[in-house]
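The values are calculated or read from the model by the stated rules, or taken from the named source; none is laboratory data. Quick caveat, the model's predicted, so the values are computed rather than measured. Counting neighbours? That spans all protein chains shown, and the Cβs are built from the backbone with ideal geometry, glycine included. Ligands, DNA and RNA are excluded from the accessible area calculation, which covers all protein heavy atoms including side chains. Shrake-Rupley method; radii C 1.70, N 1.55, O 1.52, S 1.80 Å.
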Amino acid sequence: MGRPLGILGRCPALLLLLMLLLPPAARGSPQPGPGRGLSRSPPAADTTCKNRPLDLVFIIDSSRSVRPEEFEKVKIFLSEMIDTLDVGEKTTRVAVMNYASTVNVEFPLRTYFDKASMKEAVSHIEPLSAGTMTGLAIQTAMDEVFTEEMGTRPATFNIPKVVIVVTDGRPQDQVQEVSASARTAGIEIYAVGVDRADMQSLRIMASEPLDEHVFYVETYGVIEKLTSKFRETFCAANVCALGTHACEQVCVSDGGSYLCDCYEGYTLSPDKRTCSAVDMCAPGRHECDQVCVSNNGSYVCECYEGYTLNPDKKTCSAMDMCAPGRHDCTQVCLSNDGSYSCDCYEGYTLNPDKKTCSAVDMCAPGRHDCEQVCVRDDLFYTCDCYQGYTLNPDKKTCSRATTSSLVTTEESCKCEAIAALQDSVTSRLEALSTK
């Protein structure tokens, strides 16, 4: 052996190549045993980052398929992940859940606000060594960890809720429905599969887009390489995530800088920072049939008086203004394209108020066609004639009355009797006068 080593000693380049090819154990590098890896010194300062504040929950699989030495690798991964985060009460809060057939909340979001305490707690986590109830673990996260009592910040704080599930197997319960419920509740899910993990289950659990939320590594021995991947995901390599920008509404990362943008219905002001509501009622911007009412970056449609908005909330239809209860005409209502006017029955005239009616004087000059006398009868009239005239058959004109030359027998008898009486009286008077 002395001779070969002498050759290597005379060829430093060959010696260096051999050292690189040897496994770490052969190079004399200490290997972490159970618990030892967590005591390694923290990463250099440049590996930490100012990540956006998160409420972050790790859900780690410790079923019987995960061997003890593999579980220690998971704990090292957790420890190194904690090192990359900006941990604190007002920055990122971390919780860890351990699951198999049962679920154990190792520590909730409210417990630790410094890295050292978190890593110490992680170092004492023991595997549960049973089944793989991934759905139960996610449900428990929703029910028992993502609550304000357990340290989750109120929704008004707009702090993202994030879950990272690490598993090496196929769930033994249903994960599709519970994962969908979690995502609907605003929880962003990252699924990390190791070795025998079922990729279809990972895709069912994870949030969209899947290529940014589903990760796979061949063995637990290389799971640590995901640390840098999550660091890129969570770390604020842009001003937008740091929260130090001046955008009023939307910040868009642009390399090492940023641009401001606005929500739909708003437009960027000339200062390139603030936003103003767009006049959605400007010509060509809306679909209202009659009236557009601007409403804080949006709009609603209305109708002119006498029209009603159709179910499509855009077009209008004329109302029947003469329907009972809609008008104030006393006699006749005339509908007129969304409006109305009043009228009166025959024999009545519309008063100056344009609503009520009064009976017409049918015998007023110019209103009748009687030649001599007009006789009013409520809303109608009849014609009559002066004395000595008689009404013609047309019931309108009059003719002078004539004395008939014909004398009836009865009238003739009366005349004769009167004449005889007169003769008798005359004779009597003459006789008396002669005496």
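For Asp61, the solvent-accessible surface with a 1.4 Å probe is about 0 Å², rounded to the nearest 10. The trypsin sites (Lys or Arg not before Pro) found in the range 66-144 that occupy coil by DSSP, while having at most 11 further C-beta atoms within 10 Å, are Lys90. At full extension, Tyr263 and Val360 could sit 28.2 nm farther apart than now, given 0.36 nm per residue minus the alpha carbon distance. Leaving out same-chain residues fewer than 8 places away, which aspartates and glutamates sit with a Cα under 13 Å from that of Lys314? Output for Lys314: Glu287, Asp289, Glu302.
Figure legend: label point modelled 7 angstrom from the Cα of Glu287 along Cα→Cβ; residues of the range 306-331 with amide N under 15 Å from it are 310-316. Legend: P(r) of the range 321-360 from all alpha carbon pair distances, 5 Å bins from 0, whole percents, reading 6, 29, 30, 21, 11, 3, 0. Cross-link partners for Lys225 among the lysines, with Cα-Cα distance under 22 Å and sequence neighbours closer than 8 places in the same chain left out: Lys50, Lys73, Lys75, Lys115, Lys119.
With R₀ set to 30 Å, the beta-carbon distance separating Ala130 from Ala155 gives a calculated FRET efficiency near 0.30.
Checking the cross-link filter: which aspartates and glutamates have an alpha carbon closer than 16 Å to that of Lys355, excluding same-chain neighbours under 8 positions apart? The reachable aspartates and glutamates, counting only those whose Cα sits under 16 Å from Lys355, are Asp328, Asp343, Glu346.
May I ask for the distance between the Cα centers of the range 142-194 and the range 268-282, given as a whole number of Å? Here the two parts' Cα centres lie 37 Å apart. Here the range 321-360 has 46 percent of its accessible surface on carbon and sulfur atoms, given a 1.4 Å probe and all protein chains in place.
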